[in-house]
Amino acid sequence: MLFKKIRYIFDEKGARNTGIIVMNKKVSLKDIASKVGVSTALVSYVLNNKKTDRIGKEIAGRIKIAAKELNYRTNQIAKSLKTNKTFTIGLIVADISNPFFSALARIIEEEADKKNYTVIFGSAEEQAEKSFKLINTLLDRQVDGFIIAPAENAESNVNYLIQHDVPFVLIDRYFPLIETNWVTLDNYKASLMAVEHLLAGGNKRPGMITYNTTLNNLRERKTGYENALRKNNIHFEKDWRKEILFDSNIKSSVEKAIDELLALPVPIDSILFASNILAFHGLKYIHSNGIKIPGDLSIITFDEMEASDLFYAPLTYLEQPVLEMGQLATKILLENIDMKKDPVQIKLDATLVVRKSTLPILFK
């Protein structure tokens with residue numbers, strides 16, 4: 001920051017005048033070194049390295065205190081010219097209001113901070129056009145790379161980054177035909193595990209509510225659902241699965257889907273929700289209609305939904321390894337910023353957390 005250097009004006013009799021000239025000067029490493037009584041090189045080492053094991057704790061502490069007292073701030077422009085980096089990462093998620101993405105963002109921010117990187121956030125609101133605008137805005141700010149949960153139909157965004165040789169990692173979602181870095185859940189296996197859990201509990205007609213989308217992660221969840229039924233010799237009925245659009249009418253669309261599933265000649269006896277947002281709206285509607293869980297309907301969803309803890313039947317859910325996902329994506333990106341490497345593609349396993357909403361019911 002800036003501190004004030006004061007020069008007093010004296011009159012001809014030697015008395016100090018009240019006039020003050022204030023000059024602004026940016027605090028430098030030399031100022032801190034002078035205050036502490038050490039070399040400028042030592043100050044630079046302490047302030048630019050998180051690990052200061054080679055420096056005595058007492059002297060390192062004095063340097064940091066002096067820097068704080070003088071309101072010293074790192075000259076990022078000079079630092080970026082020297083390293084050819086800005087030490088910033090662009091993180092673009094599909095919807096920051098979704099608890100899954102906000103948790104992921106927090107983990108990525110913590111991991112990046114360990115390596116002295118700052119994360120700049122953006123939410124694409126499931127729009128490829130907005131995602132592309134965010135990419136260009138962040139590129140204008142000279143970010144060193146990106147972690148992106150891509151929106152539907154955002155393949156051109158990904159190819160744009162590849163063409164411009166920008167380091168990036170896709171997270172949660174990826175495009176099978178584009179060879180690049182990604183970290184995601186094994187959605188097929190997770191969905192298959194969820195349906196087999198419902199069948200093991202005595203359910204014979206599991207339904208599914210998901211999105212009508214080309215996003216690979218959600219398509220894998222649909223395939224896992226279908227194959228779990230076939231694997232257990234249950235004929236897949238198209239009417240058992242309802243698909244809704246990514247739009248502002250999610251609440252009414254979920255309600256309509258539930259009505260249709262329960263109005264079938266032989267109603268479904270359980271539902272797999274493909275996301276926590278769908279489950280949130282579904283749970284509210286089911287409860288308002290007096291449908292008992294798990295007595296009338298067993299419920300399972302992807303991702304934890306904290307609000308369900310207040311419900312009389314907390315939801316069974318598929319827990320994604322958010323911590324590991326965020327850590328791996330950040331590690332892969334930072335490694336590629338330092339040196340371009342071959343694409344790394346990782347699928348992680350979900351954990352089934354069984355709670356009251358899928359307790360086995362006899363004679364269902």
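The values are calculated or read from the model by the stated rules, or taken from the named source; none is laboratory data. Remember, predicted model here, so these are calculated numbers, not experimental data. Methodologically, a virtual Cβ is constructed for each residue, glycine included, from the backbone with ideal geometry; neighbour enumeration extends over all protein chains shown.
Things to note:
- Of the candidates Ser288, Ser298, Ser275, the single residue that is closer than 30 Å to Ile147 by Cβ, of a type outside the set (A, V, I, L, M) and in the same structural domain as Ala194 (by TED's automatic domain parsing) is Ser275.
- Among the residues listed as Asn181, Asn157, Asn249, Asn187, the single one being out of contact with any Pro (no Cβ under 8 Å at 6 or more places or on another chain) and at pLDDT 95 or above: Asn187
- Filter pass, Leu192 being out of contact with any strand residue (DSSP E or B) (no Cβ under 9 Å at 6 or more places or on another chain) and modelled with pLDDT of 95 or more: yes
- Filter result for the condition that a residue is under 21 Å from Ser357 (Cα atoms), modelled with pLDDT of 95 or more, of a type outside the set (Gly, Ala, Ser) and assigned to a strand (DSSP E or B), over Ile300, Ile268, Ile258: Ile300
- Cβ-Cβ under 8 Å pairs, at least 6 apart or on other chains, the stretch 85-105 side within 19 Å of Lys115 (Cα to Cα) and in contact (Cβ under 8 Å) with a residue 24 or more places away in the chain, far side among the β-branched types (Val, Ile, Thr) and part of a helix (DSSP H, G or I): Lys85/Ile337; Ile89/Ile108; Ile89/Thr330; Gly90/Ile135; Leu91/Ile108; Leu104/Val322
- Residue satisfying all of: in the stretch 312-326; modelled with pLDDT of 95 or more and in a loop (DSSP other than H, G, I, E, B); surrounded by the most Cβ atoms within 10 Å (Cβ to Cβ) among these: Gln320
- Those residues of the stretch 244-276 which are farther than 13 Å from Leu315 by Cβ and among the β-branched types (Val, Ile, Thr), in sequence order: Ile244, Ile250, Val254, Ile258, Val266, Ile268
- Within the stretch 333-349, one or more residues are at pLDDT 95 or above, assigned to a loop (DSSP other than H, G, I, E, B) and of a type in the set (Val, Ile, Thr).
- Considering (1) buried (at least 16 other Cβ atoms within 10 Å of the Cβ); (2) β-branched (Val, Ile, Thr); (3) at pLDDT 85 or above, the lone condition that Ile55 does not fulfil carries the number (3).
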